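Novice: I have a structure here, written as structure tokens, and I will follow up with some questions on it.
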Amino acid sequence: MRILRKPEDLPRTGPRPRGLVPTMGYLHEGHLELIRRSAAENAETVVSIFVNPLQFGAGEDYESYPRDLERDARLAEAAGADWIFHPDPAAMYPPGFATTVHVGGPLTERWEGERRPGHFDGVATVVTKLFNLVRPDRAYFGEKDYQQLQVVRRFTADLNLGVEIVPVPIVREPDGLARSSRNVYLTAAERPKATVLYRALLAVREAAAAGASPREAERAGARVLAEVPEFVPDYLAVVHPETLEPLQEWVPGARAVVAGRFPTVRLIDNMEVWNP
Ligand code: AMP
């Protein structure tokens, strides 16, 4: 397993197609599923591990974000990665760095975009850099970060980056909690309660199946969230699967998105809730 740290070390030639799996490390089963998919579908798989300072806001967890490169390298290799790109922030953003990739419009104004100002600029800028450095044919993104996936699709198409974006379904714990590097922040007391996001999404989906309107289905989800007072919701909404605009009427693939905070950690989740 090669671990490359300098942008100039990245091989421009090599077996094709090349798949890229961008991550912030502290790999778990969700990341490994992306790596396995890429390894199955490409001649070469590159995993980037980079805790990107640009996508963290003031007061967020950039400094304390969990990191373990040795363990990540072992897991990535076992899942089929050929090399890891692990740059220093200073190599990605040298003095004088002054360019931002900004996706405008409603796609980034709501939900995570509203709660985390500048977050999607940071994501779009680093992913564009990773695409230009690694030159992948395909890149793998989890539906766990559903709005991020749509933002990546948008700028990849808008800027003709020529990378095929492959979405990968959410990998969950047996009790339904979506896998996340941040789950390690949950206390033992919070951990069982953290299934509340998943249970709220199921309630939205069940209400939809029973004939509820999107608004009524959101209320069914909100009632589940209210059962856990330690969890402070940021939003729970039924949205269009591509634009993420709130839906008044059901459309195939309608998605429910949810986010909120336990005292120790902010969690997000989503689910397809209507597909007749
Ligand atoms: P992160 O390291 O959290 O930035 O995530 C890197 C990639 O892994 C992103 O495309 C995420 O959407 C994806 N990912 C994270 N958690 C999961 C999960 N539970 N299931 C599927 N994909 C995931």
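The values are calculated or read from the model by the stated rules, or taken from the named source; none is laboratory data. Values in this document were obtained by computation on a predicted structure and should not be read as measured data. Positions of Cβ are backbone-derived with ideal geometry, glycine not excepted, and every protein chain shown enters the neighbour counts.
Novice: Quick one: in the range 136-148, of everything that is in a helix (DSSP H, G or I) and more than 7 Å from the ligand (Cβ to nearest atom), which residue is surrounded by the fewest Cβ atoms within 10 Å (Cβ to Cβ)?
Specialist: Result: Q147.
Novice: Out of V232, V196, report the one residue that is modelled with pLDDT of 95 or more, closer than 29 Å to S64 by Cβ and either more than 22 Å from the chain's Cα centre (by Cα) or surrounded by fewer than 17 Cβ atoms within 10 Å (Cβ to Cβ) (or both).
Specialist: Residue meeting the stated conditions: V232.
Novice: Those residues that are buried (at least 18 other Cβ atoms within 10 Å of the Cβ) and either free of Cβ contacts under 8 Å to residues at least 40 places away in the same chain or aliphatic (A, V, I, L, M) (or both), I need them from the range 213-224; list them, please. Before you say what the answer is, go through the steps one by one.
Specialist: Filtering the range 213-224 down to residues buried (at least 18 other Cβ atoms within 10 Å of the Cβ) leaves 214, 217-218, 220-221, 224.
Matches in the range 213-224: A217, E218, A220, G221, V224.
Novice: With the condition kept exactly as written, say whether any residue in the range 2-14 is within 16 Å of the ligand (Cβ to nearest atom) and among the aliphatic types (A, V, I, L, M).
Specialist: If we filter the range 2-14 for residues that are within 16 Å of the ligand (Cβ to nearest atom), which is where we start, we get none.
No - not one qualifying residue is present in the range 2-14.
Novice: Output the qualifying pairs, or none if there are none: Cβ atoms under 6 angstrom, residues six or more apart or on different chains, first residue in the range 56-83 and touching a residue at least 12 places away in the same chain (Cβ under 8 Å), second residue of a type in the set (G, A, S) and outside any loop (DSSP other than H, G, I, E, B).
Specialist: If the second residue must be of a type in the set (G, A, S) and outside any loop (DSSP other than H, G, I, E, B), the pairs left are P66/S181; G80/A39.
Novice: Then there's this: Residues of the range 1-37 being among the basic types (K, R) and part of a helix (DSSP H, G or I), which ones?
Specialist: Keep residues of the range 1-37 that are among the basic types (K, R), which gives 2, 5-6, 12, 16, 18, 36-37.
If the condition is that a residue be among the basic types (K, R) and part of a helix (DSSP H, G or I), then R36, R37 are the ones that fit.
Novice: Also: Evaluate the range 240-257: report whether one residue or more is of a type in the set (D, E, K, R) and within 30 Å of G19 (Cα to Cα).
Specialist: Looking through the range 240-257, at least one residue is of a type in the set (D, E, K, R) and within 30 Å of G19 (Cα to Cα).
Novice: Then there is this: Being farther than 16 Å from V134 by Cα and hydroxyl-bearing (S, T, Y) is the filter here, so list the residues in the range 12-42 that pass it.
Specialist: Selection gives Y26 alone.
Novice: Filter the range 22-53 down to residues that are near the ligand (Cβ under 7 Å from one of its atoms) and small (G, A, S), then give me how many there are.
Specialist: Matching residues across the range 22-53 total 2.
Novice: Next question, about the same structure. Being within 16 Å of S180 (Cα to Cα) and of a type in the set (A, V, I, L, M), is that true of even one residue in the range 53-68?
Specialist: no
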